[in-house]
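The values are calculated or read from the model by the stated rules, or taken from the named source; none is laboratory data. As the structure is a prediction and not an experimental result, all values here were calculated from the model. Positions of Cβ are generated from backbone atoms using ideal geometry, with glycine treated the same way; all protein chains shown enter the neighbour counts. Side chains are part of the model used for accessible areas, which takes the heavy atoms of the whole protein and leaves out ligands, DNA and RNA. Shrake-Rupley method; radii C 1.70, N 1.55, O 1.52, S 1.80 Å.
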Amino acid sequence: EMLNMFDGQALVVQTADGSIPDELIGLTREDARKAVVALLEAEGALVKVEDRVVPTPYGDRSGVVIEPWLTDQWYVDAAKLAAPVLEATRSGAIRIVPETWKKTWFNWLENIQPWCVSRQLWWGHRIPAWFGFSKDWLENHKHKTYREIAEEVITGTTPDTKIFVAETEEALLEQATEYYGSDIQVRIYGKDDLESFDGRLSVVLSQDEDVLDTWFSSALWPFATLGWPEQTPDLARHYPNDVLISGFDILFFWDARMAMQGIEFMGSPPWKTLYLHGLVRDAAGQKMSKSKGNTVDPLGLIDRYGADALRFTLAAMESQGRDIKLDEKRVEGYRNFATKLWNAARFLQMNGVGASQSIAAPDATLPVNRWIIGEVVETLAKLDKAFADLRFDEMASAVYHFVWDNFCDWYVELIKGELTPQSAPPRTGSGVVEATGEDLRQAQGEREGRAAETGAVAAWAFDQILVMLHPLMPFITEELWGAMGERPYELIVAKWPAPEATVDAKAAHEIGALIAVVSEVRAMRAELNIPWSSALTPNVIGGDSATIARLTRNQATLARMAKLGAPVTAEAVPAGSAQIVVGGQTIAFPLEGAIDLDAEKARLAKAIAVAEKDRDSLAARLSNPAFAERAKPEAVDKARADHDARAAEAERLRAAMERLA
């Protein structure tokens with residue numbers, strides 16, 4: 001019914017209908033095409049020859065055209081295997097994350113086609129099927145010897161073929177003996193000695209030379225590697241598993257087939273949740289390819305930036321099924337994050353802070369310590385939620401911002417005056433010492449108590465960081481865990497943080513306002529070129545008592561971190577001042593003697609004009625259809641990025657101008 005034009009060497013062969021002229025037999029396809037044109041021309045049937053472009057498949061390795069060639073193949077009734085998987089997904093026994101892939105999963109399983117499971121390769125699991133002659137053929141060839149029958153062994157299907165499918169050779173021999181009868185000797189080709197013939201009529205069975213499809217064999221992996229079909233302890237312990245993490249590109253090839261075979265052979269899905277991550281692409285979003293030359297060697301990245309940096313990059317960029325544009329700059333940035341963590345550990349060690357012996361949060365009275373404990377509590381809540389939702393990017397983001405922003409940038413800076421108790425006596429506003437020996441001892445005791453509390457909280461918070469960060473950056477956290485001191489347990493088995501504490505809203509407000517003031521003043525100094533040698537006096541406009549009290553309580557910290565003096569009250573913004581707004585409260589800083597206001601305003605006005613001109617020029621270029629259509633994509637992307645940068649620069653400079661009263 002279906003005929004092959006070519007043989008195994010792609011030479012033209014005569015087919016069953018006998019329609020191919022004899023002079024074409026044995027020709028290559030290229031020569032045959034020329035010969036067909038010549039025959040048509042000789043008969044006067046050729047009108048013209050036209051060049052046509054047709055889709056032509058080429059072999060990846062050989063580089064030659066792939067021609068159609070019909071062969072016998074083995075198929076599995078995939079629809080029968082898919083039905084239980086569909087039911088398991090609908091019932092919730094199988095969960096797809098992200099759910100956007102659920103529709104694709106259902107669509108493929110509901111419209112599944114018979115699965116071709118045979119491959120013409122030299123490696124893999126052999127198809128468990130054997131070919132033998134039918135009983136009728138044997139009856140008509142009784143005169144042949146065992147050797148003669150063996151030499152005619154069947155390796156494919158013919159009208160004289162009988163096919164046996166069995167799990168083992170023992171089961172095969174049982175089936176064959178039942179079919180042929182006990183008076184016919186059954187042998188397996190390649191397994192038996194051709195000379196061992198006992199006089200009975202014999203049949204020789206030959207195993208199919210094809211091997212199972214890679215995905216068929218791979219689908220057995222969840223249980224076959226655990227000792228199946230034997231009921232081993234490993235099988236009982238590890239099947240089914242909890243989560244399978246997979247690329248979406250093998251959703252059908254492997255994931256669905258694992259579920260199909262798991263339910264078929266084990267009675268339950270191999271896992272409860274299927275998590276599908278994106279593919280790693282290059283920085284431009286192109287799929288990595290050796291021919292394009294845009295592949296990234298992970299070992300090279302590890303050599304340059306460390307395994308932790310690469311691992312954290314992939315976690316931070318993994319957003320449930322979205323492809324990852326792997327930019328080496330991101331890896332470098334997370335290497336810097338690791339360096340930041342390392343430097344924080346060195347700072348703590350230099351100030352006598354080591355390993356914490358407490359799992360619960362230490363008692364704390366200072367606002368800065370109550371604040372960082374609350375930040376640990378909030379970060380842990382974010383991590384727990386992100387982990388439950390399988391949002392690894394949100395996990396990485398939560399711990400990154402806590403470590404870099406809250407702990408390293410602010411907490412470490414805020415406690416620099418608290419860790420080491422000073423022996424200097426308290427002073428009055430005029431700087432004259434007015435204290436008794438008992439007063440000095442009491443003040444020193446208070447400072448030592450503050451230092452002890454701060455050291456305990458800092459050690460505890462850093463331990464929590466190492467535990468939270470360990471799944472994402474295991475190497476540096478393990479190193480620092482050992483370097484900080486001895487504990488009764490190892491990091492790998494450390495209990496997941498359970499601070500047994502709550503967020504202190506009052507402390508969070510106090511420290512949040514302090515951070516805002518320092519941030520705004522630093523930005524103001526940078527934008528207006530105010531030298532750090534110039535101390536500034538904060539003028540609280542309207543004289544808000546809460547703001548005055550807060551600035552006064554934190555005067556030492558503000559002097560150290562922002563070079564601010566004691567706060568004063570003002571009814572209106574003094575002339576020649578720069579101003580900030582924190583929590584709705586305006587604070588002004590007279591700049592007389594610090595900078596030349598007129599020169600600074602002129603500088604800002606000129607810089608604003610340049611930035612706005614560049615911004616408008618880039619906007620005009622981007623709005624030009626000719627540029628968007630003809631320019632290279634990378635040129636358009638660069639112009640868009642430059643426009644956004646210049647627009648942000650113009651906005652920043654205008655904000656700086658508005659600070660000046």
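What the table shows:
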| item | result |
| --- | --- |
| Restricting region 157-181 to residues that are open to solvent by less than 30 Å² (accessible area, probe 1.4 Å) and part of a loop (DSSP other than H, G, I, E, B), the residue that is nearest to Leu138 (Cα to Cα) | Gly181 |
| Options Gln231, Gln207; residue that is open to solvent by 30 Å² or more (accessible area, probe 1.4 Å), of a type outside the set (Phe, Trp, Tyr) and free of Cβ contacts under 8 Å to residues at least 12 places away in the same chain | Gln231 |
| From the options Ile149, Ile154, residue that is buried (at least 17 other Cβ atoms within 10 Å of the Cβ) and in a loop (DSSP other than H, G, I, E, B) | Ile154 |
| Whichever residue in region 488-519 is within 36 Å of the chain's Cα centre (by Cα) and among the charged types (D, E, K, R) and, among such residues, is modelled with the highest pLDDT | Asp504 |
| Condition met for Gln185 (over 30 Å from Arg391 (Cβ atoms) and open to solvent by less than 70 Å² (accessible area, probe 1.4 Å)) | yes |
| Some residue of region 266-284 being within 22 Å of the chain's Cα centre (by Cα) and open to solvent by 80 Å² or more (accessible area, probe 1.4 Å) | yes |
| Positions within region 392-440 being within 25 Å of Val517 (Cβ to Cβ), of a type in the set (Val, Ile, Thr) and either open to solvent by 50 Å² or more (accessible area, probe 1.4 Å) or modelled with pLDDT under 70 (or both), in sequence order | Thr420 |
| Residue list for region 234-254, restricted to those being of a type outside the set (A, V, I, L, M) and without any contact (Cβ under 8 Å) to a residue 60 or more places away in the chain | Asp234, Arg237, His238, Tyr239, Pro240, Asn241, Asp242, Ser246, Gly247, Asp249, Phe253, Trp254 |
| Conditions (1) open to solvent by 30 Å² or more (accessible area, probe 1.4 Å); (2) without any contact (Cβ under 8 Å) to a residue 60 or more places away in the chain: number failed by Arg126 | (2) |
| Residue list for region 297-332, restricted to those being on the phi > 0 side of the Ramachandran plot and either surrounded by fewer than 19 Cβ atoms within 10 Å (Cβ to Cβ) or modelled with pLDDT under 90 (or both) | Gln320, Gly321 |
| Considering residues of region 621-650 that are over 35 Å from the mean Cα position of the chain (by Cα) and open to solvent by 60 Å² or more (accessible area, probe 1.4 Å) only, the residue farthest from Pro590 (Cα to Cα) | Pro625 |
| Evaluation of Leu341 against (1) open to solvent by 10 Å² or more (accessible area, probe 1.4 Å); (2) touching a Phe, Trp or Tyr at 6+ places or on another chain (Cβ under 9 Å) (one fails), failing number | (1) |
| Condition broken by Ile580, with the remaining ones in (1) within 42 Å of the chain's Cα centre (by Cα); (2) surrounded by fewer than 18 Cβ atoms within 10 Å (Cβ to Cβ); (3) in a strand (DSSP E or B) satisfied | (2) |
| Residues of region 592-644 that turn out to be assigned to a helix (DSSP H, G or I), modelled with pLDDT under 85 and small (Gly, Ala, Ser), as a count | 4 |
| Tally, over region 504-563, of residues that are assigned to a helix (DSSP H, G or I), farther than 26 Å from Ala364 by Cβ and open to solvent by less than 20 Å² (accessible area, probe 1.4 Å) | 4 |
| Given (1) without any contact (Cβ under 8 Å) to a residue 60 or more places away in the chain; (2) open to solvent by less than 80 Å² (accessible area, probe 1.4 Å); (3) not aliphatic (A, V, I, L, M); (4) not in a helix (DSSP H, G or I), number of the condition Gln113 does not satisfy | (2) |
| Residue, nearest to Glu87 (Cα to Cα), within region 234-265, restricted to residues that are of a type in the set (S, T, N, Q) and open to solvent by less than 80 Å² (accessible area, probe 1.4 Å) | Gln261 |
| Complete set of residues in region 68-110 that are closer than 28 Å to Asp389 by Cβ, touching a strand residue (DSSP E or B) at 6+ places or on another chain (Cβ under 8 Å) and open to solvent by 70 Å² or more (accessible area, probe 1.4 Å) | Arg95 |
| Any hit, region 363-371, residues being among the acidic types (Asp, Glu) and touching a residue at least 60 places away in the same chain (Cβ under 8 Å) | yes |
| In region 454-476, the residues that are free of Cβ contacts under 8 Å to residues at least 60 places away in the same chain and over 18 Å from Lys385 (Cα atoms) | Leu466 |
| Filter result for the condition that a residue is in a helix (DSSP H, G or I) and modelled with pLDDT under 90, over Ala647, Ala656 | Ala656 |
